[in-house]
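**Q** Dropping the structure in here first, questions after.
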Amino acid sequence: MKYVSTRGESRPHSFEEAVEAGLAPDGGLFLPETLPSLREHLPRWQGLSYAELAAEFFGIFGPEIPAAEWRQLAAEAYARFDRPEVAPLRQLDEQTYVLELFHGPTLAFKDFALQLLGLLYKRQVLRSGRSISVLGATSGDTGSAAIHGCMGQEGIRIFILYPDGRVAPLQERQMACTGADNVFAIPVPGTFDDAQRLVKEAFGDKAFIESCGLSAVNSINIARVLAQCVYYVWAWMRLPEDRREEAEFVVPTGNFGNVLAGWLAQRMGLPVGGFRVATNQNDILYRYFTEGEYTPGPVVPSHAPSMDIQAASNFERFLYFQLGEDPARVRQVMTQMRQGEAVALERPEDGLRASRMDDAEIVATIRRVHAEYDYLVDPHTACGFTEMARGRVSVVLATASPAKFPEVVVEATGVTPTHPTLEALKELPLARHPLPAEVAAVKDFVRNHQQ
Ligand SMILES: *Cc1c(COP(=O)(O)O)cnc(C)c1O
């Protein structure tokens, strides 16, 4: 299996090369050259455990890694989840299901991909004999999940920049209280975009990348998307057989990575009823899927901060298929977008719906779901519980534990959600490494922490 760039100007890469590179050299995103069919595998996969299913799935996409090794990698990655099902599917009423994706070490769905990616980095270090430094910026969940995927791993150092004072206190503790000496949580002044810009600038320095063995951790790595496909297959197999083909997956969305994974699984032959893109008040994707116009606006901070995004980095992969798998058209549209032009795209096909929710609705929804089902949802997951979920079989993806966002949940329900992992963090010392928002300072810091 080879991976090609959405922009068509990179040579085909193997799975390992695509994972190591992250972004394609031409600035595009990697996708399988042709999408394989999952259909003939589905009957065989029915009785597998979550880790076994993930190993089978990755065997198709990363055939250069032997099957036995995939089984080991997946077993290790998902052993740190605190439920034997890894991703439990809960039924709330006759037609409503929740797929709980928050039982990993950092209590958000990003653990599904980043636990595995951490082990792929480790494998790379063992095979090449060269250590690597992972550098990324986060608005909260990605950074902590990446850190927990890499902490304590020999030959790997991880540096995560985040906007000082703008991530939730518990998210900061998840990054800065690990006690691991290969983890560097780096608050910088400004917003997430400022932190992100510093990382991009650092990656612009080829000599620096080479000398530090630098690798980017961000939401566009193909391994992340593939790891997320697995739980759609898993959930689908746990639905009653007569409901699978009508079930609509409802996906709280920011960078479009999660919903893209499900949509790709459908394109590869997983017969589901469709998807709903659930946004918060930063609703560029809602506007696109309802009106066909893709126009970025300013980011307005919300109760669901991990979805406060107006330039969904994984959207380019969807666009590639929308534009007839024509890289020249992708390049043209991406240029228009970069110049801030409003881009008129064809209305997406049937089978993709969208909804949006503002902060007041998020609070009201957390309250209603609690009253109706005696079930607590976090503010991101709440965005999925609109009235559109009624009257059809819905699987709402629960992307974070309510315990990660206790303030909003208490405001809505009077109940304080807790989790032992987070309680334990409150007692630990913070190891912060604050830096000024200057790329030279970031590069010096990374260079000086190579041993
Ligand atoms: C990252 C995140 C999202 C958004 O996922 P995307 O893949 O960016 O669409 C939603 N909810 C939570 C809790 C997250 O951490």
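**Q** Find, to one decimal place in angstroms, the Kirkwood hydrodynamic radius of the range 325-451, where the mean of 1/r is taken over every pair of different Cα atoms and then inverted.
**A** Taking the inverse mean of 1/r over all distinct Cα pairs, the range 325-451 comes out at 19.4 Å.
**Q** Then there's this: How far apart, in nm, are two points set 7 Å out from the Cα along the Cα-to-Cβ line at Thr418 and at Glu52?
**A** About 3.8 nm separates the two model spin labels.
**Q** Can you report the principal axis dimensions of the range 249-304 using only the alpha carbons, biggest first, rounded to whole angstrom?
**A** Principal-axis extents of the Cα atoms in the range 249-304, largest first: 37, 24, 15 Å.
**Q** Based on the mean of other beta carbon atoms within 10 Å per residue, what is the order of 113-120, 54-61, 336-343, 395-402, most packed first?
**A** 395-402, 113-120, 54-61, 336-343
**Q** Could you give me D for the chain, from Stokes-Einstein at 4 °C and 1.567 mPa s, where the hydrodynamic radius is the Kirkwood radius over C-alpha pairs? Units µm² s⁻¹, please.
**A** It diffuses with D of about 59 µm²/s by this estimate.
**Q** How far apart, in nm, are the 7 Å Cα→Cβ label points at Glu372 and Glu293?
**A** Calculated label separation equals 3.1 nm.
**Q** Based on the mean of other Cβ atoms within 10 Å per residue, sort peptides 241-248, 263-270 so the most packed one is first.
**A** 263-270, 241-248
**Q** For each of Lys2, Lys443, count neighbouring Cβ atoms within 10 Å of the residue's Cβ, then give the residues from fewest to most.
**A** In order of increasing Cβ crowding within 10 Å: Lys2, Lys443.
**Q** Could you work out the Kirkwood radius for the range 308-368, taking every pair of different alpha carbons, averaging 1/r and inverting it, reported in Å?
**A** 14.1 Å
**Q** Taking the C-alpha atoms of the range 273-387, how large are the radius of gyration and the largest Cα-Cα span, Dmax, in Å?
**A** 15.8, 51
**Q** Over all alpha-carbon pairs in the range 223-277, figure out the percentage whose distance exceeds 18 Å.
**A** The share of Cα pairs beyond 18 Å in the range 223-277 comes to 23 percent.
**Q** Can you give the Kirkwood hydrodynamic radius for the range 47-166, in Å, rounded to one decimal and based on Cα pairs?
**A** After inverting the mean inverse Cα-Cα distance, the result is 15.6 Å.
**Q** If we count other beta carbons within 10 Å of each Cβ, what is the order of Ser131, Ser215, fewest first?
**A** Ser131, Ser215
**Q** How big is the dipole moment of the chain about its Cα centre under a simple scheme where the beta carbon of each Lys and Arg is +1, that of each Asp and Glu is -1, and everything else is neutral? Debye, nearest 20, please.
**A** 700 debye
**Q** Cβ neighbours within 10 Å, averaged per peptide: list 271-284, 418-431, 295-308 in order, most packed at the top.
**A** The most tightly packed comes first, giving 271-284, 295-308, 418-431.
**Q** Run lengths n ≥ 4 of DSSP H only: what is the helix-derived mean residue ellipticity at 222 nm for the chain, with -39500 (n - 2.57) per run over all residues, to the nearest 500?
**A** The helix contribution divided over the chain gives -12500 deg cm²/dmol.
**Q** Any idea what % of Cα-Cα pairs in the range 1-72 are farther than 21 Å?
**A** Above the 21 Å cut-off, the range 1-72 has 35 percent of its Cα pairs.
**Q** Rank these for me by crowding, Cys150, Cys383, Cys177, going from fewest to most other beta carbons within 10 Å.
**A** Fewest to most other Cβ atoms nearby, the residues stand as Cys177, Cys150, Cys383.
**Q** Continuing with the same structure: Just want to confirm a number: the relative contact order over the chain, from Cα pairs under 8 angstrom separated by 6+ residues, in percent.
**A** It comes to 18 percent, rounded to a whole number.
**Q** Follow-up. From the residues Val300, Met337, Leu352, which one has its Cα farthest along the dipole of the range 265-409 in the positive direction, the dipole being from +1 and -1 charges on Cβ of Lys/Arg and Asp/Glu about the Cα centre?
**A** Most positive-ward Cα: Leu352.
**Q** How many angstrom lie between the C-alpha centres of the range 86-114 and the range 362-380?
**A** 16 Å
Here, each number is a calculation from the coordinates, and none is a lab measurement. All figures in this text were calculated on a predicted structure; none of them were measured in a lab. Positions of Cβ are generated from backbone atoms using ideal geometry, with glycine treated the same way; all protein chains shown enter the neighbour counts.
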